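Heads up, the thing below is written out as structure tokens.
The values are calculated or read from the model by the stated rules, or taken from the named source; none is laboratory data. Because the structure is predicted, anything quoted here is derived from the model rather than measured. Note that each Cβ is placed from the backbone with ideal geometry, even for glycine, and that neighbours are counted across all protein chains shown.
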């Protein structure tokens, strides 16, 4: 437990835990709405924010937050109004965001694309005290929304049309999901990096649902996988010189593979138990009589 | 149910001269449709006749380009009292990317009555009752993905019933539903109507719900073709787009007559 002694490691571990909780917590709603890749898009847009932060010599974390919020609001507006060419508009937004980031950072005094590196792939060792404050505030917001409004968010993500008829403010809640996703991307940016953020939102959820039947259990297990892998990646990084973001993402994919392997025999056992409970025989009891075939066998 | 008064009470749904477009294609060309309190009205017509669109203008899913839509006497835009309405969408719309149990899905239907989305004991009780009404209480903890089409439809109806609504709006509740589930649904609906609920439902054919229906409105090309007593068997078969998938011919379900007589 010697890794707990250094101040930077304490910061890194706290940041990692917060990312491990928040990324799957908002990711589950994106997966439920079949927008699993939205996090990736936000990550691209946030690059412009990072570039802007360098150019204006302000905090790249808060600038990334501001720009990605603007980005997700545009994405939601495209979803509401421009249904026909929505995917093209999103593509332009994503790649415009990425190109904007590269352009701005090169315009910044003394800036070069190399500065982007730590935001693209994460850089735990450079998490500063002010970064950590921002991460804590944003993570608190994400946790409040994803847990406090879980029933409303479940309803709009499961069946938007029905949710509207229950009187829920569907558009406001959709915007809130989008803004929360933007906050999560910003939180995770320093730990796993903008290009790998989406993996931590989606893969733990995908792994958890190999085993689960309920939303609540999927949520809990996905967060547990998120926290385990982010902590595992961070601690590994203390002992071995390997990139923590990549380690974390590969660990989540390993979790997915392990859970998938467990899932098959588990599903078979459940099906057998369900059949026994319902009194159904496991196989067809009636011999099919197919004319012609019987004669051929005899 | 045949003795239910045809024009009793105030209108719970009123469409007057409603027009609507999907893209630039006119789907409704000025339809009038009224459902009065305690009435069961079936909306019939071929595919593409506008019956689903008509229902979706009522719930605000499709914007109207002309005419008026009123729910419980309030213009649709100002209507906020959604707990009085239970909606059953076409089954294809409810497919989430994450597993969810039957109880979790049905609980969504209670949100219109739950303040701040908190489900109290009485709310959980209402969810359980709704599941019992459709005969799915024993599957409460199962994933909805593990259900058959008919069972899934019963869950969606339980979700609509969870708020104990006065008005049920259903879009093809019998589509792709097995016979056993059709009967349970007919029975459930009959109990709701007996308790005073009003119903507007889109149907492809009258089927086992026939005895419940007070009035039928037939649409063709976005216009009302018929508004009156449900078409008799002969008339019904003459409807545009009617395909013959009657359950009547089946001899393996002797309980059927008992449930519906």
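For the stretch B:54-75, the condition holds for at least one residue, the condition being that it is in contact with a strand residue (DSSP E or B) (Cβ under 9 Å, 6 or more places away or on another chain) and closer than 16 Å to residue B:221 by Cβ. Residue B:160 fulfils the conditions (1) surrounded by 21 or more Cβ atoms within 10 Å (Cβ to Cβ); (2) on the phi < 0 side of the Ramachandran plot; (3) over 17 Å from the mean Cα position of the chain (by Cα) except for a single criterion, (3).
Filtering the stretch B:10-49 down to residues that are surrounded by fewer than 17 Cβ atoms within 10 Å (Cβ to Cβ) and on the phi > 0 side of the Ramachandran plot, which residue is nearest to the chain's Cα centre (by Cα)? Result: B:48. Could you tell me whether the stretch A:163-170 includes any residue that is in contact with a helix residue (DSSP H, G or I) (Cβ under 7 Å, 6 or more places away or on another chain) and farther than 28 Å from residue B:159 by Cα? Within the stretch A:163-170, none of the residues are in contact with a helix residue (DSSP H, G or I) (Cβ under 7 Å, 6 or more places away or on another chain) and farther than 28 Å from residue B:159 by Cα. Within the stretch A:129-152, the only residue that satisfies the criterion of being touching a residue at least 12 places away in the same chain (Cβ under 8 Å), surrounded by fewer than 16 Cβ atoms within 10 Å (Cβ to Cβ) and either within 14 Å of chain B (Cβ to nearest Cβ) or part of a loop (DSSP other than H, G, I, E, B) (or both) is A:147. The set of residues in the stretch A:153-201 that are under 17 Å from the mean Cα position of the chain (by Cα) and facing chain B (nearest Cβ under 10 Å) comprises A:153, A:154, A:157.
Is it the case that residue B:20 is part of a strand (DSSP E or B) and over 18 Å from residue B:214 (Cβ atoms)?
Details: part of a strand (DSSP E or B): yes; over 18 Å from residue B:214 (Cβ atoms): yes.
Answer is yes for this residue.
Here residue B:82 meets each of (1) under 30 Å from residue B:9 (Cβ atoms); (2) within 8 Å of chain A (Cβ to nearest Cβ); (3) modelled with pLDDT under 90 with one exception, condition (3). Residue A:14 satisfies every condition listed in (1) away from chain B (no Cβ under 14 Å); (2) at pLDDT 90 or above; (3) surrounded by 17 or more Cβ atoms within 10 Å (Cβ to Cβ) except (3). It is to be established whether one or more residues within the stretch B:108-115 are facing chain A (nearest Cβ under 7 Å), assigned to a helix (DSSP H, G or I) and touching a residue at least 40 places away in the same chain (Cβ under 8 Å). Among the residues of the stretch B:108-115, at least one is facing chain A (nearest Cβ under 7 Å), assigned to a helix (DSSP H, G or I) and touching a residue at least 40 places away in the same chain (Cβ under 8 Å), which makes the answer yes. Residues considered: B:29, B:77. Of these, the only one that is over 27 Å from residue B:207 (Cα atoms) and modelled with pLDDT under 90 is B:77. Summed over the stretch B:119-140, the residues that are part of a loop (DSSP other than H, G, I, E, B) and either under 23 Å from the mean Cα position of the chain (by Cα) or under 22 Å from residue A:33 (Cα atoms) (or both) give a count of 4. With respect to the stated conditions, residue B:73 is surrounded by fewer than 22 Cβ atoms within 10 Å (Cβ to Cβ) and more than 8 Å from every other protein chain (Cβ to nearest Cβ).
Does residue B:98 satisfy being in a helix (DSSP H, G or I), in contact with a helix residue (DSSP H, G or I) (Cβ under 6 Å, 6 or more places away or on another chain), modelled with pLDDT of 90 or more and within 7 Å of chain A (Cβ to nearest Cβ)? Taking the combined requirement at face value, the residue does not satisfy it.
When A:205, A:187 are checked against the criterion of being surrounded by 24 or more Cβ atoms within 10 Å (Cβ to Cβ), modelled with pLDDT of 90 or more and part of a helix (DSSP H, G or I), A:205 stands alone in meeting it.
Any idea how many residues of the stretch B:204-231 are part of a loop (DSSP other than H, G, I, E, B) and either more than 21 Å from residue B:13 (Cα to Cα) or at pLDDT below 90 (or both)? Give the derivation first.
Residues of the stretch B:204-231 part of a loop (DSSP other than H, G, I, E, B): B:204-206, B:213-214, B:221-222, B:229-231.
Filter once more, so that each one left must be either more than 21 Å from residue B:13 (Cα to Cα) or at pLDDT below 90 (or both): B:204-206, B:221-222, B:229-231.
So the count comes out to 8.
For residue B:90, the conditions (1) within 14 Å of chain A (Cβ to nearest Cβ); (2) farther than 24 Å from residue B:190 by Cβ; (3) surrounded by fewer than 23 Cβ atoms within 10 Å (Cβ to Cβ) all hold with the exception of (2).
Of all the residues that make up the stretch A:164-176, how many are assigned to a helix (DSSP H, G or I) and surrounded by fewer than 24 Cβ atoms within 10 Å (Cβ to Cβ)? Give the derivation first.
If we filter the stretch A:164-176 for residues that are assigned to a helix (DSSP H, G or I), which is where we start, we get A:164-165, A:170-176.
Narrowing the set further to residues that are surrounded by fewer than 24 Cβ atoms within 10 Å (Cβ to Cβ) leaves A:164, A:170-176.
Final tally of qualifying residues: 8.
Scanning the stretch A:53-63 for residues that are touching a residue at least 24 places away in the same chain (Cβ under 8 Å), touching a helix residue (DSSP H, G or I) at 6+ places or on another chain (Cβ under 9 Å), buried (at least 23 other Cβ atoms within 10 Å of the Cβ) and closer than 30 Å to residue A:154 by Cα turns up at least one hit.
Could you pull out the residue among B:105, B:155 that is under 18 Å from the mean Cα position of the chain (by Cα), within 8 Å of chain A (Cβ to nearest Cβ) and either at positive phi or part of a helix (DSSP H, G or I) (or both)?
Details: B:155 fails: within 8 Å of chain A (Cβ to nearest Cβ).
Selected residue: B:105, the only one of B:105, B:155 that is under 18 Å from the mean Cα position of the chain (by Cα), within 8 Å of chain A (Cβ to nearest Cβ) and either at positive phi or part of a helix (DSSP H, G or I) (or both).
Take residue B:99 and tell me if it is under 25 Å from residue A:28 (Cβ atoms) and in contact (Cβ under 8 Å) with a residue 12 or more places away in the chain. Here the answer is yes, as residue B:99 does meet what is asked. For the stretch A:210-251, the candidate set comprises residues that are within 14 Å of chain B (Cβ to nearest Cβ), free of Cβ contacts under 8 Å to residues at least 12 places away in the same chain and not in a helix (DSSP H, G or I); within that set, the residue that is surrounded by the most Cβ atoms within 10 Å (Cβ to Cβ) is A:212.
Selection over the stretch A:90-128 of residues that are over 25 Å from residue A:19 (Cβ atoms) and assigned to a loop (DSSP other than H, G, I, E, B) gives a count of 5.
Based on this model, can you work out whether residue B:190 counts as touching a helix residue (DSSP H, G or I) at 6+ places or on another chain (Cβ under 7 Å), over 30 Å from residue A:273 (Cβ atoms), modelled with pLDDT of 90 or more and not in a strand (DSSP E or B)? Quick ask: steps written out before the conclusion?
Values: touching a helix residue (DSSP H, G or I) at 6+ places or on another chain (Cβ under 7 Å): yes; over 30 Å from residue A:273 (Cβ atoms): yes; modelled with pLDDT of 90 or more: yes; not in a strand (DSSP E or B): yes.
Taking the combined requirement at face value, the residue satisfies it.
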